[in-house]
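**Student:** Provided herewith is a single structure, encoded as C-alpha coordinates, for subsequent inquiry.
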Amino acid sequence: MDDSTERLDRAFAALADPIRRDLVARLAGADATVSELAEPHDMSLQAISKHVKVLQDAGLVTRSKDAQRRPVHLDSSVFELMTKWIERYRRQAEERYRRLDDLLGRMGDEEVPKQTGAKDVS
(Lines give C-alpha, C1' and ligand atoms only; values in the text may rest on other atoms or scores of the structure.)
Protein backbone atom coordinates (compact mmCIF):
# COMPACT_ATOMS: atom_id res chain seq x y z
CA MET A 1 0.00 0.00 0.00
CA ASP A 2 1.48 3.37 -0.96
CA ASP A 3 1.88 6.32 1.41
CA SER A 4 -1.03 8.35 0.01
CA THR A 5 -3.41 5.39 0.39
CA GLU A 6 -2.37 4.93 4.01
CA ARG A 7 -2.80 8.67 4.67
CA LEU A 8 -6.29 8.58 3.15
CA ASP A 9 -7.22 5.51 5.21
CA ARG A 10 -6.12 7.18 8.45
CA ALA A 11 -7.85 10.46 7.58
CA PHE A 12 -11.18 8.89 6.65
CA ALA A 13 -11.05 6.61 9.71
CA ALA A 14 -10.36 9.59 11.98
CA LEU A 15 -13.27 11.53 10.46
CA ALA A 16 -15.67 8.62 10.95
CA ASP A 17 -16.27 9.86 14.50
CA PRO A 18 -18.77 12.75 14.86
CA ILE A 19 -16.82 14.38 17.73
CA ARG A 20 -13.66 14.50 15.61
CA ARG A 21 -15.60 15.91 12.65
CA ASP A 22 -16.93 18.60 15.00
CA LEU A 23 -13.41 19.39 16.21
CA VAL A 24 -12.23 19.74 12.60
CA ALA A 25 -15.18 22.03 11.81
CA ARG A 26 -14.30 24.16 14.85
CA LEU A 27 -10.65 24.33 13.81
CA ALA A 28 -11.62 25.39 10.29
CA GLY A 29 -12.60 28.74 11.81
CA ALA A 30 -9.53 29.28 13.97
CA ASP A 31 -6.85 27.48 15.93
CA ALA A 32 -7.85 26.43 19.44
CA THR A 33 -6.46 24.81 22.55
CA VAL A 34 -7.76 21.50 23.86
CA SER A 35 -9.62 23.41 26.59
CA GLU A 36 -11.31 25.59 23.99
CA LEU A 37 -12.19 22.55 21.90
CA ALA A 38 -13.69 20.84 24.95
CA GLU A 39 -16.01 23.73 25.91
CA PRO A 40 -19.07 22.78 23.83
CA HIS A 41 -18.75 19.06 24.61
CA ASP A 42 -19.75 17.19 27.72
CA MET A 43 -16.37 15.42 27.81
CA SER A 44 -13.23 15.54 29.86
CA LEU A 45 -10.10 17.27 28.63
CA GLN A 46 -8.45 13.86 28.53
CA ALA A 47 -11.14 12.52 26.16
CA ILE A 48 -10.82 15.55 23.87
CA SER A 49 -7.02 15.17 23.96
CA LYS A 50 -7.40 11.57 22.78
CA HIS A 51 -9.60 12.74 19.90
CA VAL A 52 -7.01 15.39 19.00
CA LYS A 53 -4.29 12.72 19.10
CA VAL A 54 -6.23 10.57 16.61
CA LEU A 55 -6.61 13.61 14.33
CA GLN A 56 -2.90 14.35 14.75
CA ASP A 57 -1.88 10.75 13.97
CA ALA A 58 -4.04 10.95 10.83
CA GLY A 59 -2.19 14.10 9.77
CA LEU A 60 -5.30 16.27 9.97
CA VAL A 61 -4.05 18.58 12.73
CA THR A 62 -0.77 19.75 14.20
CA ARG A 63 0.07 21.28 17.57
CA SER A 64 2.47 24.05 18.38
CA LYS A 65 3.72 25.74 21.51
CA ASP A 66 2.86 29.41 21.91
CA ALA A 67 4.12 30.56 25.31
CA GLN A 68 1.79 28.75 27.75
CA ARG A 69 -0.68 27.72 25.04
CA ARG A 70 -0.55 24.61 22.87
CA PRO A 71 -2.93 25.48 20.02
CA VAL A 72 -4.20 22.87 17.59
CA HIS A 73 -4.13 23.76 13.88
CA LEU A 74 -5.67 22.15 10.81
CA ASP A 75 -3.14 20.76 8.34
CA SER A 76 -4.46 21.32 4.83
CA SER A 77 -2.18 18.84 3.04
CA VAL A 78 -4.24 15.77 3.94
CA PHE A 79 -7.47 17.61 3.12
CA GLU A 80 -6.04 18.41 -0.32
CA LEU A 81 -5.25 14.71 -0.82
CA MET A 82 -8.79 13.76 0.27
CA THR A 83 -10.31 16.38 -2.05
CA LYS A 84 -8.34 15.06 -5.04
CA TRP A 85 -9.45 11.50 -4.26
CA ILE A 86 -13.12 12.51 -3.90
CA GLU A 87 -12.99 14.70 -7.00
CA ARG A 88 -11.68 11.83 -9.13
CA TYR A 89 -14.67 9.66 -8.22
CA ARG A 90 -17.09 12.56 -8.52
CA ARG A 91 -15.94 13.16 -12.10
CA GLN A 92 -16.31 9.45 -12.91
CA ALA A 93 -19.83 9.37 -11.48
CA GLU A 94 -20.72 12.57 -13.34
CA GLU A 95 -19.53 11.04 -16.63
CA ARG A 96 -21.66 7.92 -16.04
CA TYR A 97 -24.71 10.09 -15.38
CA ARG A 98 -23.99 12.11 -18.52
CA ARG A 99 -23.86 8.90 -20.60
CA LEU A 100 -27.11 7.71 -19.00
CA ASP A 101 -28.77 11.06 -19.79
CA ASP A 102 -27.62 10.73 -23.42
CA LEU A 103 -28.98 7.20 -23.65
CA LEU A 104 -32.32 8.16 -22.11
CA GLY A 105 -32.51 11.14 -24.47
CA ARG A 106 -31.96 8.91 -27.50
CA MET A 107 -34.54 6.43 -26.23
CA GLY A 108 -37.06 9.24 -25.74
CA ASP A 109 -36.44 10.46 -29.29
CA GLU A 110 -37.38 7.09 -30.74
CA GLU A 111 -41.03 6.80 -31.71
CA VAL A 112 -42.92 4.51 -29.38
CA PRO A 113 -44.93 1.99 -31.46
CA LYS A 114 -48.67 2.36 -31.06
CA GLN A 115 -50.57 -0.64 -29.83
CA THR A 116 -53.37 -1.73 -32.09
CA GLY A 117 -56.28 -4.03 -31.51
CA ALA A 118 -57.09 -2.88 -28.01
CA LYS A 119 -60.46 -1.16 -27.74
CA ASP A 120 -61.66 1.10 -25.00
CA VAL A 121 -64.77 -0.53 -23.55
CA SER A 122 -65.83 2.21 -21.20
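**Student:** Give the residue, chosen from 7, 26, that is without any contact (Cβ under 8 Å) to a residue 60 or more places away in the chain and part of a helix (DSSP H, G or I). Spell out how you get there, then give the answer.
**Tutor:** Details: 7 fails: without any contact (Cβ under 8 Å) to a residue 60 or more places away in the chain.
Checking each option against the conditions leaves just 26.
**Student:** Could you list, in sequence order, all residues of the stretch 32-55 that are in contact with a strand residue (DSSP E or B) (Cβ under 8 Å, 6 or more places away or on another chain), at pLDDT 95 or above and of a type outside the set (A, V, I, L, M)?
**Tutor:** none
**Student:** Now for a separate question. Tell me which residues, restricted to the stretch 57-81, are part of a helix (DSSP H, G or I) and either hydroxyl-bearing (Ser, Thr, Tyr) or closer than 11 Å to residue 23 by Cβ (or both).
**Tutor:** Here is the first cut: in the stretch 57-81, the ones part of a helix (DSSP H, G or I) are 57, 76-81.
76, 77 - these are the residues of the stretch 57-81 that are part of a helix (DSSP H, G or I) and either hydroxyl-bearing (Ser, Thr, Tyr) or closer than 11 Å to residue 23 by Cβ (or both).
**Student:** Right, next: Within the set of pairs 6 or more residues apart or between chains, which connect a residue that is within 15 Å of residue 7 (Cβ to Cβ) inside the stretch 82-98 to a residue that is at pLDDT 90 or above and among the charged types (D, E, K, R) with Cβ atoms less than 7 Å apart?
**Tutor:** Nothing qualifies.
**Student:** Failed condition for residue 65, given (1) surrounded by 10 or more Cβ atoms within 10 Å (Cβ to Cβ); (2) under 30 Å from residue 50 (Cβ atoms); (3) without any contact (Cβ under 8 Å) to a residue 40 or more places away in the chain, with all others met?
**Tutor:** Single failed check for residue 65: (1).
The values are calculated or read from the model by the stated rules, or taken from the named source; none is laboratory data. The model shown is predicted, which means the values in this text are computed figures rather than measured ones. Neighbour counts run over all protein chains shown; Cβ positions are idealised from the backbone, glycine included.
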